[in-house]
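The values are calculated or read from the model by the stated rules, or taken from the named source; none is laboratory data. The shown structure was predicted, so the numbers you read here are calculated from the model rather than taken from an experiment. Neighbour counts are summed over all protein chains in view; Cβ atoms, including those assigned to glycine, are modelled from backbone coordinates with ideal geometry. The protein model used for the area step is the full one, side chains on, heavy atoms only, and it has no ligands, DNA or RNA in it. Shrake-Rupley method; radii C 1.70, N 1.55, O 1.52, S 1.80 Å.
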Amino acid sequence: NAGVTQTPKFRILKIGQSMTLQCTQDMNHNYMYWYRQDPGMGLKLIYYSVGAGITDKGEVPNGYNVSRSTTEDFPLRLELAAPSQTSVYFCASSAPMNTEAFFGQGTRLTVV
Amino acid sequence: QQQVKQSPQSLIVQKGGISIINCAYENTAFDYFPWYQQFPGKGPALLIAIRPDVSEKKEGRFTISFNKSAKQFSLHIMDSQPGDSATYFCAASGGATNKLIFGTGTLLAVQP
């Protein structure tokens, strides 16, 4: 049972480049989330989805986009990378109504 | 009203001692309070969680104490071990979307 899988694990981008962070889960969870983690700041919610075709903004959505075409997949798109997007990104999934959220291993992104 | 404040930022405890991490919240609509443990290079993993209808929950060496009137909750790690050395995050959520609001984290080091 793989849980939540994120790819890639590491990536270096140049300013202005784009990329997609992939996230897939095999637990049939309706809810999926993208967080970014910066030193001393905890985890901040970027976007979330409560089901296929439904997405909404979190606390820090600027510079990012998401889509949710299937229950399993929730990719995060960076269109014009900026140094402020250097961070560790975590994808998570959960069942409805405040149950455990399962996190992936993270993607460490550096924008130079 | 969405903030969760966590202290201390870092903590050093001797093996066998008690580790205590505190969190405070503002939003009275929160009804789920988990603690996550994160090891370097890994995603956060649920350690223990509590709902506001109880004042304490214990699982092995880990205990959550919850004070609804003060809007505070804390994690106690009894008989702390070097293997407990990690970053601990408190979080809170409420409503149908299960969006977690995280504290800023506590880096715990248990010295042998």
### Task
Over the whole of B:25-33, what's the average partner chain Cβ count within 10 Å per residue? Rounded to a whole number, please.
1
### Query
Can you pull the mean other chain C-beta count within 10 Å for peptide A:35-41?
3
## Note on the structure
Here D for chain B, in µm²/s, from Stokes-Einstein with a Kirkwood Rh over Cα pairs at 37 °C and 0.692 mPa s, works out to 234
### Query
Counting only protein heavy atoms and using a 1.4 Å probe, what share of the accessible area of chain A belongs to carbon plus sulfur, as a whole percent?
54
### Task
Enter the buried accessible area of the A/B pair, total of both sides, probe 1.4 Å, in Å² rounded to the nearest 100.
1900
### Query
Distance in nm between label sites at A:N62 and A:I12, each 7 Å beyond Cα in the beta-carbon direction?
2.8
### Query
Could you give the dipole magnitude of the protein assembly as shown about its Cα centre, charging the beta-carbon of Lys and Arg +1 and that of Asp and Glu -1, in debye to the nearest 20?
400
## Note on the structure
Candidates B:P40, B:P82, B:P52; GNM for chain B (alpha-carbon contacts under 10 Å) flags as most fluctuating B:P40
### Message
For a quick check, take a GNM of chain A with Cα springs below 10 Å and name the residue from A:P39, A:P96, A:P83 with the largest mean-square fluctuation.
### Response
A:P39
### Query
By a straight-distance test (C-alpha under 22 Å), which lysines pair with B:K71 as possible cross-link partners, with residues fewer than eight away in the same chain excluded?
A:K44, B:K5, B:K57, B:K58, B:K99
### Query
At what distance in angstrom do the alpha carbon centres of segment A:1-66 and segment B:57-107 lie from each other?
23
